[in-house]
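Each remark here refers to the structure printed beneath this line.
The values are calculated or read from the model by the stated rules, or taken from the named source; none is laboratory data. All figures in this text were calculated on a predicted structure; none of them were measured in a lab. Virtual Cβ from ideal backbone geometry, glycine too; neighbours counted across all protein chains shown.
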Amino acid sequence: MNSALSQASTMSNDTLPQNTVVTGPVPGPLAIEAKGLVKRFDGVAAVNGVDISVPQGAIYGILGPNGAGKTTTLRMLLGIIDPDEGVRRVFSHERPHDIGRMIGYLPEERGLYPSMKSVDAIAFMGALRGVPHHEGRQRGRELMKAHGLGHAIEKQIRQLSKGMAQTVQLLGTLVHRPRLVVLDEPFSGLDAINQGKLEQMIRALADDGVTVIFSTHVIHHAERLCEGVAIIAGGKVPYAGSVDEARDRIPAQVKLETRIGEGAWREALPYNAEHETKSATGGDSTHFWHFPLPSTGIEMLLRALIEGGAGILSLSIERAGLHDAFVEIAGEAAARAMEADAEGAAK
């Protein structure tokens, strides 16, 4: 990532009061601390008791279907709206506006002046965060060149593709060199190539020590990028913690293929092992078994299979994915809503 993004100093961070519970492991100082956030609109709770803790320098994802409360949560964290209940801190400050120049925010509703030149759009966004216009133009030129848009520096926004225009807006979010970057549904509407570029940019920001929080309804982005996630469903957070811990809530699955279907070794298989037989060429049959990894591990089972002459053709252990964990935590209905949102955004 452009070295300009690593020049701002990092603030020290206090912790929450002793009686505050922090969900999940929190290595080092926090960029975001939130406890019990509640926001009501017309008497209806859009967010109802959200707890989130985000370490400095982390990539953190907020997952949930449209309408789950993701955007409302982000706006409360940033101080755009105040919670009706609860506490939020950004770099230890309870008033995020006091440190607005340390924060970059890309809202879900994109908006650039079509007639404005790309570099001027970036400079304009920087000026809103206190960067002098001439300096913003210089930084804008550097950022656009660093991200393969040097040819479009003087082009008007209306002359850019959708992906290029979104990149320009993202660069405008970064031009003042924030230490916290918050992206609301940043992958929405981007093709696969531009999604990949955005993932690279997010990783580069984290490498420079910048904390990145993004909301999404596409789980594989969070699985590839994030150390920690918060799952939001119905305005509540049933899970906030590391991606690994979320995946480990579901036992790994064993897939076994054998030549033999019967024998004393079958007693070593879990009682709930699923069995399927498939006929092979020449009349022989192949046996497939699927079951959760035993708590004792695979070694004892493997020994029984070998000593019992099961004829192992293949054996694999597959760890649960974040999608499976999401279903386990938030339920099938929320997962289906997420999938529908992702399909709609791709059209």
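A few comments on the model shown:
- Of all residues making up the range 324-347, the number that are surrounded by fewer than 16 Cβ atoms within 10 Å (Cβ to Cβ) and not aliphatic (A, V, I, L, M): 7
- Scanning the range 89-105 for residues that are in a loop (DSSP other than H, G, I, E, B) and either charged (D, E, K, R) or without any contact (Cβ under 8 Å) to a residue 12 or more places away in the chain (or both) returns E94, R95.
- Pairs meeting the criteria (first residue in the range 281-308 and of a type in the set (G, A, S), second residue modelled with pLDDT under 90 and in a strand (DSSP E or B), beta carbons under 9 Å, at least 6 apart or on different chains) are S285/K278; S285/S279.
- Restricting attention to the range 248-270, the residues that are assigned to a helix (DSSP H, G or I) and not assigned by TED's automatic domain parsing to the domain that holds M300 total 0.
- Residue check, V182 of a type outside the set (S, T, N, Q), more than 21 Å from D208 (Cβ to Cβ) and modelled with pLDDT of 95 or more: no
- Test: R177 is more than 16 Å from the chain's Cα centre (by Cα) and in contact (Cβ under 8 Å) with a residue 60 or more places away in the chain: yes
- Check on V229, among the aliphatic types (A, V, I, L, M), crowded, with 18+ Cβ neighbours inside 10 Å and assigned to a helix (DSSP H, G or I): no
- For the range 303-323, a residue qualifies if it is in a loop (DSSP other than H, G, I, E, B) and farther than 17 Å from H290 by Cα, and the qualifying residues are G308, G309.
- Tallying residues that are within 30 Å of H287 (Cα to Cα) and out of contact with any Ser or Thr (no Cβ under 8 Å at 6 or more places or on another chain) within the range 312-347 yields 14.
- Of the residues making up the range 60-72, just one is among the β-branched types (V, I, T) and within 17 Å of T211 (Cα to Cα), namely I62.
- When we screen V54, V26, V21 for residues that are at pLDDT 90 or above and either assigned by TED's automatic domain parsing to the domain that holds V182 or not aromatic (F, W, Y) (or both), the only hit is V54.
- Selected residue (only one of G309, G297, G283 is under 24 Å from R247 (Cα atoms) and either at pLDDT below 90 or exposed (fewer than 15 other Cβ atoms within 10 Å of the Cβ) (or both)): G297
- Among the residues of the range 200-251, those identified as free of Cβ contacts under 8 Å to residues at least 60 places away in the same chain and either closer than 17 Å to V54 by Cβ or among the basic types (K, R) (or both) are R224, D244.
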